[in-house]
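The structure appears right after this line, and notes come after that.
None of the figures in this text is laboratory data; all of them are computed from the coordinates on show. From a predicted model like this one, the values you see are computed outputs, not experimental measurements. Reconstructed Cβ throughout: ideal geometry from the backbone, glycine too, with neighbour counts over all protein chains shown.
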Amino acid sequence: MKAHNTMPSTIAPLPLHRVDAAAALEALVATSLAPIDPDPAMGAALRARLFSRVAHSAQSHAPFVNVRKGDGQWREAGAGVSCKPLHAAHGVESYLVRLDAGAQWSVTPQGGADELLVLSGDLHLDGLELGPHDYRLRGTDAGAVKAQSSTGALVYWRRSTTAQTAFGAVRTSITVPASADTWEPLRPGVMLKPLFGVGDRVSMLARLAQGGSVPTHVHECAEECLMLQGDMFLGDILLLEGEYQWAPGGTSHDTLSSDVGCVVFIHGAVDPALKEY
């Protein structure tokens, strides 16, 4: 008996995923493009403008301190606890603190208040259960830092080593939970959540919607930024999630913008000229 061939005479091509189709089309178009040599004078002018922009950017950002995810060194601070220094100046030290599951963290006071922002995990501190984006200002009356984590935690720790800093002399502790709906509009696409302030100094969260931006502004005092979610351009510098920047007083940021939206912790001063509401 002759076997019947059940296979189709032609095999239909598998449909391309949209991303694959776009990549295939891009490759097809690219192969048909021929390089164009610009006019020598135009090429020289473009090259000069590019190198001038690069030189200006490098000079204006030279005083800034940027700590990328892979930068710095984690130092053991106890069993299951490690710290990564970010920056230290003018009686203030900033760290990332990482606690393993079940670890306990204990630090003696150095004369000033402490700010802690939980980035991930859980932190049991001062009889409180803190979670992601919960903020705790520990005044000088709170004494030593004694904390533990059940599941592990990553914490941003801003420490005043003297009472002479803007926040250093604060005596009473406060807590601002992540659930607190205290967001305030700054300008279209930009919201601020104040955490604590003294005079013109404030610690806050800023939330930029996709496409949100803040125009060029001068820093009246030193400014710290820690990216919590998403990413943001600070002028020509792209700050990714988990990365940190310190800008000294008297410097300026070119336009801040986010293509994807972001949430960032900022300690500094808010220029009233930036408000549009």
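Would you mind ranking 134, 181 by Cβ crowding within 10 Å, fewest neighbours first?
With the fewest neighbours first, 134, 181 line up as 181, 134.
Can you find, among 221, 77, 235, the residue sitting farthest towards the positive end of the charge dipole of the chain, where Lys and Arg contribute +1 and Asp and Glu -1 at Cβ?
About the Cα centre, the residue reaching furthest to the positive side is 77.
Taking the Cα centre of segment 119-228 as origin and charging only Cβ (+1 Lys, Arg; -1 Asp, Glu), how large is the dipole, in debye to the nearest 20?
With only Lys, Arg, Asp and Glu charged at Cβ, the dipole is about 140 debye.
Running a GNM on the chain with Cα contacts under 10 Å, which residue among 192, 28, 125 ends up with the highest mean-square fluctuation?
Result: 28 has the largest fluctuation of those listed.
Quote the FRET efficiency, to the nearest 0.05, computed for residue 28 versus residue 129 with a Förster distance R0 of 51 Å and r equal to the Cβ-Cβ distance.
For R0 = 51 Å, the calculated efficiency reads 0.35.
Neighbouring Cβ atoms within 10 Å as the yardstick, rank 243, 129 fewest first.
Going from least to most buried by this count: 129, 243.
When a/c is below 1.5 the answer is rounded, else prolate if a/b is larger than b/c, else oblate, so apply that to segment 144-255 with a ≥ b ≥ c taken from the square roots of the Cα gyration tensor eigenvalues.
Prolate.
What is the dipole size for segment 50-205, taken about its Cα centre, with +1 at each Lys and Arg Cβ and -1 at each Asp and Glu Cβ, in debye to the nearest 20?
Approximately 480 debye in magnitude.
With only Lys, Arg, Asp and Glu charged, each at its Cβ (+1 for the first two, -1 for the last two), find how big the charge dipole of the chain is about the Cα centre; round to the nearest 20 debye.
For the chain, the charge dipole is close to 320 debye.
State the extension gain, in nm to one decimal, for the chain segment bounded by residue 49 and residue 144, taking 0.36 nm per residue of separation less the distance between their alpha-carbons.
Gain on extension, residue 49 to residue 144, equals 28.7 nm.
Restricting the calculation to Cα positions, tell me the Rg (one decimal) and the Dmax (whole number) of segment 75-176 in Å.
Rg then Dmax for segment 75-176, in Å: 12.5, 36.
Ordered by residue, what ³J(HN,Hα) values in Hz, to whole numbers, does segment 115-131 give under the Karplus form 6.51 cos²θ - 1.76 cosθ + 1.60, where θ = phi - 60° and Gly and Pro are x?
10, 10, 10, 6, 8, 7, x, 10, 9, 9, 8, 6, x, 10, 9, 9, x
Compute the acute angle (0 to 90°) between the alpha-carbon long axis of helix 18-31 and the principal axis of greatest extent of the alpha-carbon atoms of the chain; round to the nearest 10°.
Between the helix axis and the principal axis of the chain, the angle is about 60 degrees.
Here are a few candidate values for Cα extents along the principal axes in Å: [x] 53, 42, 34; [y] 88, 45, 31; [z] 90, 73, 40. Which one was actually calculated from the structure I just gave you?
Comparing each candidate, only [z] matches the computed number.
Helix-only mean residue ellipticity at 222 nm, the chain, DSSP H runs n ≥ 4 weighted -39,500 (n - 2.57), per residue, nearest 500. What is it?
Here the helix-only value at 222 nm equals -4500 deg cm²/dmol.
Given a Förster distance of 51 Å, report the FRET efficiency between residue 79 and residue 276 from their Cβ-Cβ distance, rounded to the nearest 0.05.
The calculated FRET efficiency here is 0.50.
Using θ = phi - 60° and the Karplus form 6.51 cos²θ - 1.76 cosθ + 1.60, what ³J(HN,Hα) does each residue of segment 44-49 get, whole Hz, x for Gly and Pro?
So the J values, rounded to whole Hz, are 5, 5, 5, 5, 5, 5.
Using 1/(1 + (r/R0)^6) with R0 = 45 angstrom and r between the beta carbons of residue 221 and residue 42, what's the FRET efficiency to the nearest 0.05?
0.50
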